[in-house]
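Chemist: The structure under discussion is supplied below as structure tokens; questions concerning it will follow.
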Amino acid sequence: MSDGFATRAIHAGQDADPTTGSVIVPIHATSTYAQDGVGGQRAGYEYSRTGNPTRTALEECLAALEGGRFARAFASGMAATDAVLRATLRPGDHLVIPDDAYGGTFRLVDKVLSGWGVDYTPVPLSDVDAVRAAIRPNTKVVWIETPTNPLLNIADIAALAQVCRDSGVKLVVDNTFASPYLQQPLELGANVVVHSTTKYLGGHSDVVGGAVVTSDEQLAEQVAFLQNSAGAVPGPFDAWLTLRGLKTLAVRMERHSANAERVVAALSGHPKVAKVFYPGLEDHPGHEVAAKQMRHFGGMVSFTHVDGEQAALDVCARTRLFTLAESLGGVESLIEHPGRMTHASTAGSMLQVPAELVRLSVGIEDAADLVDDILTALG
Ligand SMILES: *Cc1c(COP(=O)(O)O)cnc(C)c1O
């Protein structure tokens, strides 16, 4: 019998240190490794850009949690994204991206990859037929996020995996918003999973990192080659912090999801709230798909204020526990105004978000305190 998720989070890649018995994987703060004679590596390590035992532990744990054969850790989610795009695309190729892609991913595709002769088509991912129609003979990748940021749109991973298999295209899932505890894209047929481990996987807002997980051996080799060649690797302390965060991922995601449901219940029907965006709501257009492919509906919630942009900004200024900040996925609750903050650069583009939108990253504090805080801020 294979171990369950919470057990893997605590033990995969994390055996006690063979030389000292240290229960916790040490922070191997070293750039290089003594060799027993020329070419005589003791444990497969020669230089820490190429490999570091703390990073290896993190990579083994990440692979185990996503149900993949191979994982590579990066210095940020964007470095991981960049490695996957460069491993899969060549000049003249084409990819499909979400029409509400994470802003940094859109910027990388639109401003960097396009300069290398890679073309892209933004598509609403909840529409499987639209994705199928956007695939061209030179399409190599369909890149998806689900749920999306900040409107929590849902893509049907299994249906899109089928479309991609039919066309010989690789399906890449940015699984940052769900985390592997809530959603397992490889099992649903995706080829690659990408993470910003900065968010739920690290979980404590104290480290920036990224990861790539796949069971495709050839692709894993290319990603590893790029990891070493471009060198956007996490240091051992960053790897250690992320590994420490992973240990509690299962319990944190349970609480994030439960707290988010309490906050959603308080917001729904509130006279100052026009609309709540949360895949757990039965009237959410992606609810059925989300219920099928996710364990719970996660900790991210967005809503629009009935009185427009200034009222939304006022709510962001009035919370006591929800800290006004970008990013997400930490134990502490955050609030932000996407139109002026995380998504300011989308103004005037097809990625533009409503001005009266507020986004919450619901933390794991006491739900009653969070509900009280947000209701007080709404007035
Ligand atoms: C934050 C984020 C990224 C980028 O990750 P960094 O660690 O900030 O580089 C990519 N995708 C999603 C969905 C994110 O939320």
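Chemist: Could you let me know the centre-to-centre spacing of the range 13-54 and the range 112-186, using Cα atoms, in angstrom?
Modeler: 37 Å
Chemist: Quick one: what are the phi-derived ³J(HN,Hα) couplings along the range 344-352, Karplus 6.51/-1.76/1.60 with θ = phi - 60°, whole Hz, x for glycine and proline?
Modeler: Residue by residue, the range 344-352 yields 4, 6, 8, 3, x, 9, 6, 8, 3 Hz.
Chemist: Hey, another quick one. Taking a point 7 angstrom from the Cα of E282 along the C-beta vector, which residues in the range 227-264 have backbone N less than 20 Å away?
Modeler: Counting backbone N atoms under 20 Å from the label point, the list is 258, 260-264.
Chemist: Could you sort out which of K247/K275; K140/K199; K170/K275; K140/K247; K140/K275; K111/K140 sit more than 30 Å apart by Cα distance in this structure?
Modeler: Values: K247/K275 35 Å; K140/K199 28 Å; K170/K275 35 Å; K140/K247 35 Å; K140/K275 37 Å; K111/K140 19 Å.
With Cα atoms farther than 30 Å apart: K247/K275; K170/K275; K140/K247; K140/K275.
Chemist: Just to confirm the filter: which trypsin sites (Lys or Arg not before Pro) across the range 12-121 are DSSP coil and have at most 10 other Cβ within 10 angstrom of their Cβ? Intermediate values should be presented prior to the final figure.
Modeler: Numbers: sites: R42, R49, R55, R69, R72, R86, R107, K111; in loops: R42, R49, R69.
Here the sparse-neighbourhood loop sites are R42.
Chemist: Whole angstrom only: what separates the Cα centroid of the range 241-278 from the Cα centroid of the range 198-233?
Modeler: 26 Å
Chemist: Using the Karplus equation 6.51 cos²θ - 1.76 cosθ + 1.60 (θ = phi - 60°), what ³J(HN,Hα) coupling, rounded to whole Hz, does each residue of the range 155-162 give in order, writing x for Gly and Pro?
Modeler: Karplus-based 3J(HN,Hα) across the range 155-162 equals 10, 7, 4, 5, 5, 5, 4, 5 Hz.
Chemist: Positive end of the charge dipole of the chain (Lys, Arg +1 and Asp, Glu -1 on Cβ, about the Cα centre): tell me which of T304, L58, N149 has its Cα farthest that way.
Modeler: L58
Chemist: How far apart, in nanometres, would the label points at A230 and Y47 be if each is projected 7 angstrom from Cα along the Cα-to-Cβ direction?
Modeler: For A230 paired with Y47, the spin-label model returns 1.9 nm.
Chemist: Let me ask you something else. Using amide H atoms built in the peptide plane, which far-off residues or other-chain residues are under 5 Å from N153 H to H?
Modeler: When sequence neighbours closer than 5 places are left aside, the close amide H contacts are T148.
Chemist: Starting from the Cα of K292, move 7 Å in the Cα-to-Cβ direction to define the label point; list residues of the range 145-175 whose amide nitrogen is under 20 Å from there.
Modeler: Answer for this model: 145-148, 152-167, 171-175.
The numbers here are math on the coordinates, done by the rules we state, and not lab data. For clarity, every value in this text was computed on a predicted model and none was experimentally measured. So basically every Cβ, Gly included, is an ideal-geometry build from the backbone, and we count neighbours across all protein chains shown.
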